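The values are calculated or read from the model by the stated rules, or taken from the named source; none is laboratory data. Predicted model only: the values in this text are computed from it and were never measured. Cβ: placed from backbone, ideal geometry, glycine included. Neighbour counts: every protein chain shown. Accessible surface areas use protein heavy atoms only, side chains included; no ligands, DNA or RNA. Shrake-Rupley method; radii C 1.70, N 1.55, O 1.52, S 1.80 Å.
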Amino acid sequence: QPRRSPGKPQALLSLSPPRWPVECEVIQETIEHIEWVPPEPEPFCPPTGPEQAPDTLSEEQGTVVYHSSPVLQGSRFTCARVRGAPGPLSSPAAPLKSPQDTTLLFESRFESGNLQKVIKVGPYEYVLTLRPDLYTAKHTQWFYFRVQNTRREPLYRFTITNMAKPKSLYGQGLRPLLYSQQDACSRGIGWRRVGNDVRYYRGSAGEPPAFRLSWTVRFPHDRDTCFFASCYPYTYSDLQRYLCALAADPARSRYCAVQALCRSLAGNTVYLLTITSPGSMAGKRVVVASARVHPGESGSSWAMRGFLDFLLSAHVDARLLRRLFVFKVVPMLNPDGVVVGNSRCSLAGRDPNRAYGTALPGSFPGVWHLRAMVQRVLAEREVVLYCDFHGHSRKNNAFMYGCDAGRDGAGTRLRQRVFPLMLSKNAPDKSSFASCKFQVQKSKEGTGRVSMWRLGVSHSYTLEVAFSGSTLGGRSSHFSVEDLKSLGRLLCDTLLDFCDPAPAKQCLAEADALLRRQMGREPGSGGSWSDVSPSELESSTSGSDSSVSDG
C-alpha cells in the first residue's frame with residue numbers, strides 16, 4: 001500500500017476480482033443467486049430441543065465423498081492472488097460409479113463457501129464437517145455449499161458435526177436455507193427455508209466440546225444443482241456489483257462517492273461510501289455506519305443494503321437526510337473473511353471486532369483505518385451516531401447494544417436508550433427494545449461500538465439482526481431478505497425521528513418510565529436512578545454473540 005495519512009481514503013480506480021490466500025483452491029464458475037421474497041412468511045420449525053439426538057450410523061462405517069482442506073503453509077497468512085492457488089485443481093469429490101449412482105456431489109470452493117469434509121453413512125444420509133476460520137482451529141458456524149445429483153423422492157439427512165457454540169437458534173426453530181437452480185431458472189424462486197426434524201445438540205464429549213446440527217430435507221427436483229447456507233449469502237462480488245451499478249447511475253452517483261478506505265491483508269479493497277447532497281458542507285453533522293466485520297453474519301449486509309438503497313433513493317426523507325448529514329459508510333469491513341467463507345475472523349486469524357483498541361494497520365487494516373477516519377472527522381465536525389451492523393445466532397429479533405458506563409447523569413444515560421427505543425417503535429414486528437443492552441463490559445473494549453464511544457461519538461451502537469427471524473407483533477417466522485433490507489430503511493426513519501426534538505423528548509420520558517418500572521419505582525415519583533449500575537438495570541440474559549469458543 002502507498003504511504004498516506006491514517007484513515008484518509010483514496011480515489012477508487014477500478015473494481016478488481018477477489019484475491020484469495022494462495023493455499024485456497026477456487027473453482028472457475030461464477031456463483032450468483034437471484035433475489036426472491038416468499039409470498040408468505042416462512043414459519044419457524046417446531047423446536048425439538050437438545051435432549052434427543054437422531055439415530056445416525058457411525059462415521060467410521062461411512063465413505064468419504066468430499067474432502068477439501070487448504071494446505072496452509074504454516075499458521076499465518078503469507079500472500080494472496082486472484083483465483084487463489086495456482087495450477088490445476090484437485091478433485092475433492094468422489095466420482096460417481098455409474099449413471100445410477102445416487103451419491104450427492106459436494107462443492108464449496110467458491111466465494112464465501114464453507115464445507116471441509118463429507119462422509120456418506122447411509123444411502124441418503126451424510127455427515128458434514130465445516131472448515132474452521134483460516135489460520136485458526138475454531139469458529140465453525142457459517143456454512144454454504146453446493147450439492148448436485150439430487151433425487152426428488154428420498155428423504156435426506158444432513159448432520160454437521162463441529163458447530164462451535166453451545167446454544168443456537170437452530171434449537172428454537174431456525175431452519176437452514178436451500179436454493180434450487182432449477183426453481184430459480186424455471187419459476188423465479190430463490191433462497192427458501194427448508195428442513196424438518198431440525199436438531200441442535202452436543203456431540204463429542206471432548207474439550208472443547210463440539211455441537212451437532214442435523215436436519216432432514218427432500219429436494220424439489222431430480223438431478224438438480226442446489227445450495228445450502230446458514231443465512232442468505234452476500235459476497236464481496238455481490239458488493240462490487242452493487243457499487244458498479246451505483247457508479248453507472250448518473251443520479252445516485254451525484255451524491256455518493258465510492259473510495260478505497262484501505263486494502264485488506266489479501267489486497268482486497270475496503271470500500272468507503274460518502275453520501276451527502278452536493279453543495280455546502282457547512283453545519284452538517286456526520287453519521288458513520290459499518291457492516292460485516294464478522295464475515296459469517298451475512299444478514300448484516302442485507303440490512304446495510306436496505307440502508308444504502310433508501311439513502312440513495314429519491315424519497316423525500318432520503319433527500320432530507322442527505323441535506324442534513326454526511327454519511328460515511330463502510331459496507332464490508334472484513335472482505336478477506338467474506339471471500340474465504342470464515343465465520344468470525346480475518347486472515348490475521350483473530351476477531352477484528354476485538355482489535356479496535358490495539359489494532360495495527362498491518363494486521364487489521366479495515367478497523368484501524370475506520371477508527372483513524374472517525375478520529376479525523378471528529379476533529380472537524382460532530383459525529384452524531386455510529387452504527388455497526390451485525391448478525392446474532394442465539395437471540396431472535398433485531399435489537400441494539402449501546403454504551404452506558406454508569407458514570408454519567410440520568411439524562412445522558414437515558415439518551416443512550418432513545419435511539420433503540422425509537423427503532424423498536426418504527427419496527428414493532430422486528431425490533432425488540434427489551435433485548436437491548438447498554439453495559440460496557442471489559443471484554444467488549446476492543447469492539448467498534450465501544451471504541452467509537454471512547455473517541456467521543458456519544459451515540460454509538462451495534463445493530464444485531466437475528467439469523468432466524470421475529471417473535472414480535474404476532475410473528476413466529478424467519479426474516480426474509482426484504483425484512484432485513486427494511487431494517488436498514490427503518491434505521492434511516494429512526495435517525496430523522498432521533499434528531500427531531502418532539503419525538504425525542506417523548507421517548508426520553510418513556511425510557512425513564514420503563515427504567516423506573518424495572519427498578520420497582522413509580523413513574524413520576526421523583527428521585528434519581530443515576531446511581532444504579534447498568535448491570536442492575538439489565539437482566540443476565542446473553543449479550544453479544546461471542547462465547548468462550550470464540551476465543
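The sole residue among Arg202, Arg192, Arg187 that is within 30 Å of Leu104 (Cβ to Cβ), without any contact (Cβ under 8 Å) to a residue 12 or more places away in the chain and either assigned by the TED database to the domain that holds Trp142 or touching a Phe, Trp or Tyr at 6+ places or on another chain (Cβ under 9 Å) (or both) is Arg187.
Can you name the residue in segment 380-400 that is crowded, with 18+ Cβ neighbours inside 10 Å, of a type outside the set (A, V, I, L, M) and under 20 Å from Val286 (Cα atoms) and is also farthest from the chain's Cα centre (by Cα) among such residues? Restricting to residues being crowded, with 18+ Cβ neighbours inside 10 Å, of a type outside the set (A, V, I, L, M) and under 20 Å from Val286 (Cα atoms), the top hit is Tyr386. Selection over segment 365-379 of residues that are within 16 Å of Arg263 (Cβ to Cβ), among the β-branched types (Val, Ile, Thr) and either open to solvent by 10 Å² or more (accessible area, probe 1.4 Å) or part of a strand (DSSP E or B) (or both) gives a count of 0. When segment 457-482 is filtered for residues that are at pLDDT below 95 and more than 30 Å from Arg192 (Cβ to Cβ), only Ser458 remains. Considering segment 298-317, the residues that are in contact with a Phe, Trp or Tyr (Cβ under 8 Å, 6 or more places away or on another chain) and in a loop (DSSP other than H, G, I, E, B) include one that is farthest from Ser363 (Cα to Cα), namely Leu312.
Taking segment 175-269 as the region of interest, the strands (runs of 3 or more DSSP E) fully inside it that hold 2 or more residues being surrounded by fewer than 18 Cβ atoms within 10 Å (Cβ to Cβ) and out of contact with any Asp or Glu (no Cβ under 8 Å at 6 or more places or on another chain) are 196-202, 256-263. Report yes if Pro361 is buried (at least 24 other Cβ atoms within 10 Å of the Cβ) and either touching a Gly at 6+ places or on another chain (Cβ under 9 Å) or not in a helix (DSSP H, G or I) (or both), otherwise no. It is false that Pro361 is buried (at least 24 other Cβ atoms within 10 Å of the Cβ) and either touching a Gly at 6+ places or on another chain (Cβ under 9 Å) or not in a helix (DSSP H, G or I) (or both). Within segment 454-471, the presence of at least one residue that is within 23 Å of Val383 (Cβ to Cβ), buried (at least 24 other Cβ atoms within 10 Å of the Cβ) and small (Gly, Ala, Ser) is confirmed.
Among residues that are assigned by the TED database to the domain that holds Phe467 and open to solvent by less than 50 Å² (accessible area, probe 1.4 Å), Ser280 is not included.
Taking segment 204-226 as the range and being within 24 Å of Asp183 (Cβ to Cβ) and of a type in the set (Phe, Trp, Tyr) as the test, the residues that pass are Trp215, Phe219. Answer yes or no as to whether Tyr144 is within 21 Å of Arg292 (Cβ to Cβ), touching a Pro at 6+ places or on another chain (Cβ under 7 Å), in contact (Cβ under 8 Å) with a residue 24 or more places away in the chain and crowded, with 19+ Cβ neighbours inside 10 Å. Yes.
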